[in-house]
Each structure stands twice: as structure tokens, then as C-alpha cells.
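Please read the structure below before turning to the comments.
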Amino acid sequence: MNSSKEILGKSHGLDLEIIGLSKRFGDVIALDNVSLRIPSGGFHALLGENGAGKSTLVKCLVGFYTPDAGDVLADHREVKIPSPREASQLGIGMVYQSFTLVPGMTVAENLVMSKGSLPALINWRKEREQLVAFIETLPFKIPLDKFAGTLAAGEKQKVEIIKQLYLQRRFLILDEPTSVLTPDEADEVLGFVKNLATAKALTVLIITHKFREVTAYADDVTVLRRGKFAGCGSVANLNVDQMAEMMVGSPLAHQPIARSIVPMNLELRPYLVVEHLHARGDLDQPVLNGIDLAVRPGEILGIAGVSGNGQKELVEVLLGQRKKSSGQIFVEGEPYSGTRAEISQHKVIMLPEEPLRNACVASLSVAENMALRNYDRPPLAKFGFLLNRRALNQQAQRYVETFGVKTDGINAKMQTLSGGNVQRAVLARELSHPVNLLIVANPVFGLDFNAVAETHARLLAARASSTAILLVSEDLDELLELADRIVVMSEGKLVYEIPADQADIRVLGHYMAGGHLEERAVT
Amino acid sequence: MYAGIKRFLLPIAEPVLVPTGAVLVAMLLFAGFIALVGQSPPEVFWILYQGGFGSSFSLQNTLVLASPLILTGLAVAIPAQAGMVIIGGEGALAVGALLAAVAGYALHDTAPFIVQLGMLTVGALTGALWFGLSGWLRNYRGVNETISSLLLSYMGIALLNYCIQGPLRDPASTNNPSTRPIGDANMIGNIPGLDVHYGLIIGIVCALIAWFVLKFTTIGLALRAVGGNPRAAQMAGLRVNIWVVGAAAMGGAAAGLSGAIEVAAVHGDANSAIVAGYGFTGILVAFIARQNPLAVIPVAILFGGIDAAGSLLQRRLDMPDATVIVFQGILFVVILASDTFLGRFRFFKPGAASEPKPGTAGAKS
């Protein structure tokens, strides 16, 4: 580690080269002989579908994983990174898509705390002076005395990045840093990092799914596919279609999914009506501040918004996972509270995000999980209370085959399934019954390209058969592609509504960011 | 053919062999403890066996001690299905015994069958309310049920002691304060041919019913869903609050029932000897049985045997009778610790030999 100390003295972006890096987990080759080089001050994008090996690669760089083969060169010297400590000594830092700030501490406290070694007694005045001096070198202000929990998402992400700079990192890994930001916030954060890279103070490796960010900020791009190197090049010489092609491995038909052109019947009585809905969050803060919405049969109502504006809580209330503090929910004109009787009577189907957390019981078997909807009805139940294990197992076997769930058998515990298979198991359970109302939240989060297309096709098929669909998504492209109407949720209210075919992405972004235009479009 | 048998047997073998190994390790540690206090480990183990299971007399004694342990074990295992760790069995047993004794005395002029049925019902209901309070506090007031049940346990014991020395004291009970006796004619008798009362049958039947309900009914599946992931249970339309309070109450009913049986079959009245640690030993029983109602039966008998051997150990080797509690404690800790080894042994995985490396297969999906 002598070499790393020498490097530490200089304050310029790290020149990093990876040669033939490989990593396997059991039988799965997560990373197979991948090489890439980022010169000092470079801004390099790492592209790939979920499971392509991007996370494995960066986790090798920050010392969470030890590669099985391959070398890492920092400033042209070979280095070993057996643990995060060595990564930190080299000046390699990572910013995650979720925040690591302590919400109950101020920004200043968070920054000081992030320094690895602190004396038992902290000299706050001295630390603060250092902090202020450091902040003055930055192009923008951050509120040192605000509690981290009160910051907006964009501000939080900036603090995360500033934290890395404060720790004198010289190589920054950004793991989908903008997934919870509005487009404006994303530009501000990435622009800031880009400037630092241009000044050669920092070298950047960014993992992102947004081509817009790649073309706007990155110099070079490397694409991974199924753990292997799939292509690289200078961003200036590549267009989006070429990059997408490297990612998926075949020329992409650049067309949205064909939608049924039958116009929505506005005369139809809404199937789901929500009136003046209020609810409180985990910290008893108001999160839903008077939600009114209606979804008609055969319509997809898309709810857009930056995460953390109440969408999660709205879904939880509709799913019966959170109590409403006031307001009404009607399904088919009848008050709805999410009991088993109401769910089966009105044929309500739910596909929440994070299925293992929200829709599955990890300690129960796959077969039992697949029966959660209908275990108490014939043929799964006899005399109203006895479980018919054979029928339950037959149903599970059928689901496993039809939906291609990969499992060690239907009696394996749910927790042994991989994320994608958990999702398939939930899809099987929910979509194998007749459906009139579908409540969906971020349905393709974490799915690979094919699974996304398949899930979207299922949603459109459900719409075509007159299902009322409430689709909550943080992915605007998904909403624009699928929804009939889009409403924007901001600070627990629906602030903007527009038919999807008339929607302007910039106007949506404006409302998502909390803006309020003079005139409100109302259908 | 061999591979087929291996594939079938190995996953079943693991949950049996790992705890067995843990018991051996615990015995080794206990042997060290015995050697440390200057006794001969083989002799102590022999006496433990003799005192617990060696003769038909000691075996019957073991079964008498095991019968409340089955019920207090269930008192922990049933709420555990709904995701709760309730450890206040001792208190529910105490209040169950107290009110059952009151009911028994109130009914003592009627037929013995009525007296016994009344006592068991009152005992179970009292216990159900006692635990139900813990469940309610958890659901509606956010009070940790482990803490509240433990504190309620001390309150229950104090309530029993207060009542038998004060308002409910039988004036005739001079040196051992107790409630008025229910009358010898009203006592629950022994199983024909044995010196073991019917409480053992009641306990075993309760355990079997609990096991059947959990495994083969819709109620059991709902309860395990609530315990495994309340959010998923809510999404499935289950009223989680009701299930949680209900499961707590069922556990309390088991503990209260054991108190009623102790009064109706052993003591004939409620006195301070009712609080003999069954409720607390029941926690060990349930955890070692992995909260499985069926496994509670043999584990309760094992612990009953160890308890029964305590006095023999005292008489033969002049060791304090707390010695057996040391053994129970070591068993408990080692068996719980062994849980972390489940799923870690590649030997138990069918087809494990073909894997190149142990460890984190499937970490990446």
C-alpha cells in the first residue's frame, strides 16, 4: 500500500485502468474479463441492463467484492482493493442512488461525521471553520445548518457528492445518482460534477439508464451485457440507437408498443374513485393532502412524480397498508376498505413495487405465497377452513409453468427466489384471476429488457379488456408510453393533469419539480 | 437411486442433525461445568437420565412436570406464528390459576365435571385476556410486546400473591396462604394405570390442535402470513390487528389453561407454589422447538425430565437443584446459536458436490 500513500498527496483526478476484471458467484459469472480506462478528469458512463454486471464492477472498485481475476491500475500503478478502506485511501468514493445522510442531523454534522476517524471530543468550531472554508471553494451554497431530512432530493444528492469531495475523493462512482431527481435537479448535480471533471479535479464513472445524461455529460461510454464487455466508444461518435443496440444486443425497433386505438369512453362510470384523501406518513407528517382521482374501465391513469411526494403512501392506502386519516375510496360506487371480500368482489389486483417487501411472505413457500389471493375459497379451501394442499400445489405448479418462475420447487421458501422470479411469482398470482381494477406501482423497476416489454404488454392487454388501471411510476417514458391520462403528484397533491398524447415532458417536469404554472390544464 | 435418496433425505436430515449436534455440544459444555465444580460428568449424566427417564416412577414424574410445560411452550409458540415474541407465560399462568381457583370454589357444590370445565374455561379466558392486553398494546399503542408481557408477568405474580395473602385467603390456610380449596372430589384425576393427571392429555391435545390448525387450515396460513410479513397480509386483505391480538390471546389461553390445570389437578387451590417457573421454562421449550407446536411436546418432556432429575441430583451428589437450570440455560443458548448454522453446511445440499465454491451463489440475480 506504499504506492497509494504517494498518490494521495497529489490533488488531481485519478487515472484509473481496469484490465481483464472477472468475478463469479457460484455458477454465475457476474463479470467476465472486462477492461476499461478512464483518464484523469474523464467522465465515463457505464451502460447496461439490470444484471449486466455494472454493480459488480463498481463494487470491485470500492472494495466490497474482491475480483477473481484482473488488475486495477491507479495512476499507472497496480493496486489491490481488498476492502473499502483501501478504496478510500486511494480516493475512490461512491454516491448511491439512495441517500446515506442521517436525516435527523444537520448537513454540517453529516459532513463532519463522514470523516472516518474523529476524536472522542469534537472541536465543532474548528470543524465548522474548515467546513465553511471548504464550502466557499464550491460554485454553489449548501445550507449547513438545515437538517438533512428537510432537504429536497436534489439538494440531498448534492450534499452526498460534496461529502465525497470533502473526503478528498479523486475518483467518484455515481450509481444512478439521478433516479430520484427531477430533470432540472439532475442537470444541476451532473453539471456540477462535470465542471469538476473538466477542471481535472475529479474522475467520474457514472452508472445510468438515461441516455440523455450520457450524451449530455459523458466523454466515453462502456457498455456491458450479461457480464461481458459489449462495446465502448467516444460519446461524440455514437448515437443513442447505437448505444441501445450494444445494450440489448440486437437492433432496436424504435417504436412504442402499438396501443389499442379504441378511444376511452368518457361516458363510462369511473370504477375507482378517490375523494379528498388525506393520510399521514411514517413520521406522522402529512403526506397525502387531499387526493381526488377517478379511473374509468379501460383507462390507464398514470401518476407521475418525483419519488417521495406521496405516491408510495397513496398506493399503501389503496392496498390497505396505511390508514387514511380522512377521505373516501369507492370502487364500483361502493365504499372500499380493502377487505378480502371486497377485493374478490370487485376483482382488484395489486402489483406493488418491491414485491418481496410488499406482496410476499418470505418465510412461506412459493406455493403458499401464490395462494394468498384465493386460499380461503374453493377449490383451495374445503368446508371454508380446511386447506386443500393438493389443489394449492397444483395451482402453484400451473403458475410456475405458465409464468416461467425459476424455483427449487413450489415448496421452496419465497426468500430463496431471485428478485425477477419473485416478481414473476407475484404477477402469476395477481394476473391469473379475473381483473376489473389494477393498482400498479413502478412495475418494471429492476426488470430486464424482455421482462419490461412483457409486463407492459400485459398491462395494455388488461386495459384492452376494460380493466381500470392506476399506474404509479417514476419513469416518465413508461407513463407516456402506457397511460391515457397523466396526473402529476407533488407534495401530496395532484397538481397537474393532461391527456398523455398532449403531454409535454418539460411541462410535466416543471410540475414534478414543484412548480406551479399560471394556468392549469384540466380535462 | 442412491442420489435420489440423498436428494430426498438430506434436506430433512439437516433440521434434525444440527440440533442434535447442538445438544451434544451443550452436554460437553455442561460436562466442563460439572468437572469444574468437582463432580464426575458421567455420573451426573447418568443421574440425569435416571432421574428423568430411568424408571417408570421417574418417567411419570417427568410427564407430570412436562404437562404444564407443553402449554406454556404453546403460549410462546402460538403468538410467535403471528410474529410476536411474548414471554409472559408465568403471569398468565398465575392469574389463570387464581381465577380458576376462585371459579372452582364458587362452583364446588355442583358436579365435579362442571367444576373442572368451569375452571379450565375461566383459566383459559383469563390468560387470553392477559396476553390479549399485550397484543392490544403492541398494535394500538406501539408498546413492545416482549417487554409488556414480561412486566405483565410480574404484575400477574404479584396479583396472585396479594390475593392469596389478602382478600382471597382461606382463613384455614395458616402457614401456606392459599385460596379456599376446590375440594378433593372436584380434582382432575389421573390417567388410568398411571400416576400422571389428565392435564398431560389436555396439553398434548392442545399442541396437536395448534399444529393441525397451523398446517392444514386457512386460519393457519393467514396467521403465518401475518407473522411473516404484515404488509403482504394487509395487501391480501387480512385485518392484521385482529390476527395479532387473536394469536396473543390464544397463547395466553394456553398459559392460563396450564394454571387452571395446576390448581385443578395438583394443588387443589391457588397458592404461591403455583409460580414454579413453568412459564419461563416454556420460553426455552418453544424456542428450542422452533415455535413448532408438535415439537413442543417432546421438548417439554425433555425439560420435564431435566427438572425431575434435579432433586435426585441433590440427594445423590449433594449438588444444588439449580444445577439443572444451568444445564437448561446452556442447552438454550447452544441450540439457539446453532440456528445460524442451518443452511450453511454444503453437505446437506443436494448436488452440492458439483459447486466450485461455497458461499454466495445466487447473490446476483
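The mean of 1/r over all pairs of different alpha-carbon atoms in segment A:31-141, once inverted, gives a Kirkwood hydrodynamic radius of 17.0 Å.
Of the cross-linked pairs A:K59/A:K156; A:K141/A:K312; A:K59/A:K163; A:K80/A:K413; A:K347/A:K382; A:K158/A:K324, those separated by over 29 Å at the C-alpha level are A:K141/A:K312; A:K80/A:K413; A:K158/A:K324. So what's the gap between the Cα centers of segment B:81-126 and segment A:181-248, to the nearest angstrom? First find each Cα centre; the distance between them is then 71 Å.
Distance between the modelled labels on B:L194 and B:F113, one decimal in nanometres: 2.2 nm (7 Å Cα→Cβ projection).
Work out the FRET efficiency for A:E491 and A:R128 from their Cβ-Cβ distance, taking R0 = 30 Å, and round it to the nearest 0.05.
On the way: r = 32 Å, r/R0 = 1.07.
Rounded to the nearest 0.05, the efficiency is 0.40.
Excluding ligands, DNA and RNA, the accessible surface per residue across the protein assembly as shown is 45 Å² with a 1.4 Å probe.
With a simple spin-label model that places each label point 7 Å from the Cα along the Cα-to-Cβ direction, the separation between A:D184 and A:E17 comes to 4.4 nm.
By the gyration tensor of its Cα atoms, with a ≥ b ≥ c the square roots of the eigenvalues, what is the shape of segment B:63-288: rounded for a/c under 1.5, prolate for a/b over b/c, or oblate?
Numbers: a/c = 2.22, a/b = 1.62, b/c = 1.37.
Here segment B:63-288 falls in the prolate category.
Each chain gives up part of its surface: A and B jointly bury about 2800 Å² of accessible area, both sides summed, for a 1.4 Å probe. Extension gain for B:T121-B:L294 works out to 60.0 nm (0.36 nm per residue, less the C-alpha to C-alpha distance). Remark: the Cα gyration tensor places segment B:93-168 in the oblate category, a/c being 1.5 or greater and a/b not exceeding b/c. Residues of segment A:361-405 that bury at least 20 Å² of accessible area once all protein chains are present, compared with their chain alone (1.4 Å probe, heavy atoms only, ligands and nucleic acids left out), are A:V361, A:L364, A:E368, A:L372, A:R373, A:Y375, A:F385, A:L386, A:L387, A:R389. The figure for A:T407 is an accessible area of roughly 40 square angstrom, using a 1.4 Å probe on the protein chains alone. Tell me, what is the percent relative contact order of chain B, built from C-alpha pairs under 8 Å that lie six or more residues apart? The normalised contact order for chain B reaches 34 percent.
Annotation note: chymotrypsin sites (Phe, Trp or Tyr not before Pro) in segment A:124-183 located in DSSP loop regions with a Cβ neighbour count of at most 11 within 10 Å are A:F140. Spatial offset of segment B:173-187 relative to segment A:40-83 amounts to 78 Å, using the alpha carbon center of each. Diffusion coefficient (Stokes-Einstein, Kirkwood radius over C-alpha pairs, 4 °C, 1.567 mPa s) for the protein assembly as shown: 41 µm²/s, rounded to a whole number.
If R0 is 45 Å, the Cβ-Cβ spacing of A:H76 and A:A453 corresponds to a FRET efficiency of close to 0.55.
Separation of segment B:197-263 from segment A:87-116 is 46 Å, based on Cα centroids.
With all protein chains present and a 1.4 Å probe, how do A:R340, A:R170, A:R269 order by accessible area, largest first? Each step should come with its number before you reach the end.
Details: A:R340 40, A:R170 10, A:R269 160 Å².
Accessible-area ranking of A:R340, A:R170, A:R269, largest first: A:R269, A:R340, A:R170.
Given 0.36 nm per residue, what is the gain on full extension from B:T340 to B:N241 after removing their alpha carbon distance, in nm?
Working: separation 99, 0.36 × 99 = 35.64 nm, distance 3.06 nm.
Value of the extension gain: 32.6 nm.
Using the beta-carbon distance between A:E267 and A:S326 and R0 = 22 Å, what value does 1/(1 + (r/R0)^6) give for FRET efficiency, to the nearest 0.05? According to the calculation, E is roughly 0.15. Within the assembled protein chains, the solvent-accessible surface assigned to A:M105 is about 50 Å², based on a 1.4 Å probe. Heavy atoms of the protein only, probe of 1.4 Å, neighbouring chains included. What is the accessible area of B:F212 in Å², nearest 10? So the heavy atoms of B:F212 present about 90 Å² to solvent.
Please compute the length gained on full extension between A:D145 and A:D504, using 0.36 nm multiplied by the number of residues separating them and subtracting their Cα-Cα distance. Each step should come with its number before you reach the end.
On the way: separation 359, 0.36 × 359 = 129.24 nm, distance 3.73 nm.
Residue separation times 0.36 nm, minus the Cα-Cα distance, leaves 125.5 nm.
The values are calculated or read from the model by the stated rules, or taken from the named source; none is laboratory data. All values derive from a computational prediction rather than experimental measurement. Quick reminder, even Gly has a Cβ in these numbers, built from the backbone with ideal geometry, and neighbours come from all protein chains shown. Calculation scope for accessible area: heavy atoms of the full protein, side chains included, ligands and nucleic acids excluded. Shrake-Rupley method; radii C 1.70, N 1.55, O 1.52, S 1.80 Å.
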